[in-house]
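Report on the structure given below.
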């Protein structure tokens, strides 16, 4: 396998994918589609071999990875019409899947496989690209009917080759799961830090232990990344918030003298341990 | 300064304090008051020099540190009546302060200074005792009227000598602050893990990234520790939860199409950065 790979959006994820594919001997040539500034850095770092436009890159590629923001991935879809080679794999790395898969389905004669590598770093950008970023991490690949195609199997194998663990599910299953495992924790951390920002004025010492650092780490995330995620997964996030509120209500009741929290703490600790096994 | 120190409740905090005081040359002798099993370990580890009852230890001590659970500290107070040497320092390491300070005030002729070292480890127990546990960590010392006594100044200096940063405030100020920086984050993490435990059945893959590990770390805490904390700080925790709910409501409204979250994310990130400075 020696593929020509087009990476559309050469940031942390796209750049790391390019490096990992090169290191694994999968990529013959990596074509980068990004802003001139980013392409300059990616060329200098040996992450892409050539920078060009989408219209130039897509017809040459055996594999196209859309790894810009969700909104930009959605806007790229109609531009791919008629550009993609027969038999080429088109996939993406967006953090939500339903809106992207829907936009892809509107493009005739293109087989699209939604993807989401569950990997990242505190800092983004092509300078942070790292060929080992996906090592041991889950990588979701979507199939709407549970049936896989030869291209799906090929992409799944490729994901495995660069060290990730492929997981197969529908776009809807994905969005429901990440609403709970990623989007809800983000909102909790942001609301906590925002609430404390109101309580602790600049001159007040914040009595913080290591637990508060953990609890506010996600709150460091920049809003632009989250704007698109929230906009494309509203319904599932609201459902996850409502489920969460049941547990919260149990706590509020216990603090008002009704019931105790032992059973809740026990269930929570069991889940937290399971995550770490 | 070479003091006889009585540690009542020789666990992670009490044991670490004993080791730190020995290492700093502050302790001439450490008397341990704990269960026989714990005293056996503490003696073997060289953490205490002698094990005895409260009634034997208190009259000999220049400094008494109450470092058992909150409920046990409260129950120890009336037993100290008439046992404490004139001029001795009596302090504690409980995670809430109002109930403990109130119980101490009922004991005539004893000057009590409430304390709370903001330090800990994932695992407790005397086996985990570590003389460097308090290095660089905040250590709250309470004064109800803002006035300090010679004993307060002495204890403050001692806390500094073992590497901690003393912070002076009233018991009520302390309890209000930790309701927000410690108790609220604990409840959020527990509610999150409990909610996810309902969503992800044993056979369902949890699409978890590093953010979820951070967000569920506090959920590993055992309930017995939290039972007393919640019972002695109900009112402040409920107020903190209500404040938090304002931020949550902003999020829920934004996800329903009313307003956006940019300002909230910006405030939250600013606070999270301030914590790390």
Report task. May I ask you to list the residues in segment A:108-132 that are away from chain B (no Cβ under 12 Å), surrounded by 22 or more Cβ atoms within 10 Å (Cβ to Cβ) and touching a strand residue (DSSP E or B) at 6+ places or on another chain (Cβ under 8 Å)? Result -> A:112, A:114, A:115
Query raised in the report: Just one of B:240, B:177 is touching a strand residue (DSSP E or B) at 6+ places or on another chain (Cβ under 8 Å), buried (at least 22 other Cβ atoms within 10 Å of the Cβ), outside any loop (DSSP other than H, G, I, E, B) and at pLDDT 95 or above; which is it?
Result: B:177
Query raised in the report: Which of the residues that make up segment B:117-132 are at pLDDT 95 or above and over 11 Å from the mean Cα position of the chain (by Cα)?
Result: B:126, B:127, B:128, B:129, B:130, B:131, B:132
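If you go through segment A:126-140 one residue at a time, do you hit one that is in a helix (DSSP H, G or I), touching a helix residue (DSSP H, G or I) at 6+ places or on another chain (Cβ under 6 Å) and over 30 Å from residue A:33 (Cα atoms)?
Checking segment A:126-140: not a single residue is in a helix (DSSP H, G or I), touching a helix residue (DSSP H, G or I) at 6+ places or on another chain (Cβ under 6 Å) and over 30 Å from residue A:33 (Cα atoms).
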Report task. Examine segment B:171-194 for a residue that is farther than 30 Å from residue A:122 by Cβ and free of Cβ contacts under 8 Å to residues at least 60 places away in the same chain, and state whether such a residue exists. Result -> yes
Query raised in the report: Across segment A:7-20, what is the total count of residues that are part of a helix (DSSP H, G or I) and over 11 Å from residue A:48 (Cα atoms)?
Result: 3
**Report entry** segment B:156-174, subset out of contact with any strand residue (DSSP E or B) (no Cβ under 8 Å at 6 or more places or on another chain) and in a loop (DSSP other than H, G, I, E, B), residue nearest to the other protein chains (Cβ to nearest Cβ)
**Finding:** B:163
Query raised in the report: Just wondering, is there one or more residues in segment B:224-233 that are within 7 Å of chain A (Cβ to nearest Cβ), under 15 Å from the mean Cα position of the chain (by Cα) and either over 16 Å from residue A:176 (Cα atoms) or not in a loop (DSSP other than H, G, I, E, B) (or both)?
Result: yes
Query raised in the report: Is it the case that segment B:94-104 has a residue that's modelled with pLDDT of 95 or more, surrounded by fewer than 21 Cβ atoms within 10 Å (Cβ to Cβ) and either more than 24 Å from residue A:211 (Cβ to Cβ) or outside the structural domain of residue B:21 (by TED's automatic domain parsing) (or both)?
Result: yes
Report task. Could you tell me whether residue B:264 is closer than 24 Å to residue A:237 by Cα and more than 7 Å from every other protein chain (Cβ to nearest Cβ)? Result -> no
Report task. Can you confirm whether segment A:182-203 contains a residue that is surrounded by fewer than 19 Cβ atoms within 10 Å (Cβ to Cβ) and more than 9 Å from chain B (Cβ to nearest Cβ)? Result -> yes
Requested in this report: Could you identify the single residue in A:18, A:2 that is crowded, with 23+ Cβ neighbours inside 10 Å and in contact with a strand residue (DSSP E or B) (Cβ under 6 Å, 6 or more places away or on another chain)?
Outcome: A:18
Report task. Return a yes/no flag: does segment B:56-79 have any residue that is modelled with pLDDT of 95 or more and within 14 Å of chain A (Cβ to nearest Cβ). Result -> no
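Those residues that are buried (at least 21 other Cβ atoms within 10 Å of the Cβ) and assigned to a helix (DSSP H, G or I), I need them from segment B:256-268; list them, please.
B:264, B:265, B:268
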Report summary line: Sole miss for residue B:152 among (1) farther than 23 Å from residue A:246 by Cβ; (2) touching a residue at least 24 places away in the same chain (Cβ under 8 Å); (3) at the interface with chain A (Cβ under 8 Å from one of its Cβ atoms) is condition (3)
Report task. Inspect all residues belonging to segment A:205-215 and state whether any of them is more than 7 Å from chain B (Cβ to nearest Cβ) and either part of a helix (DSSP H, G or I) or more than 18 Å from residue B:260 (Cα to Cα) (or both). Result -> yes
Query raised in the report: Quick one: which of B:245, B:275 is within 7 Å of another protein chain (Cβ to nearest Cβ) and surrounded by 15 or more Cβ atoms within 10 Å (Cβ to Cβ)?
Result: B:275
Report summary line: Within segment A:41-71, the count of residues that are out of contact with any helix residue (DSSP H, G or I) (no Cβ under 8 Å at 6 or more places or on another chain), part of a helix (DSSP H, G or I) and surrounded by 14 or more Cβ atoms within 10 Å (Cβ to Cβ) comes to 4
Query raised in the report: Does residue B:145 satisfy the criteria of being surrounded by fewer than 23 Cβ atoms within 10 Å (Cβ to Cβ), in the same structural domain as residue B:11 (by TED's automatic domain parsing) and part of a loop (DSSP other than H, G, I, E, B)?
Result: yes
Query raised in the report: Failed condition for residue B:75, given (1) exposed (fewer than 15 other Cβ atoms within 10 Å of the Cβ); (2) assigned to a strand (DSSP E or B), with all others met?
Result: (2)
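The values are calculated or read from the model by the stated rules, or taken from the named source; none is laboratory data. None of these values were measured; they are calculated from a predicted model. Every residue, glycine among them, receives a Cβ derived from its backbone with ideal geometry; neighbour counts consider all protein chains shown.
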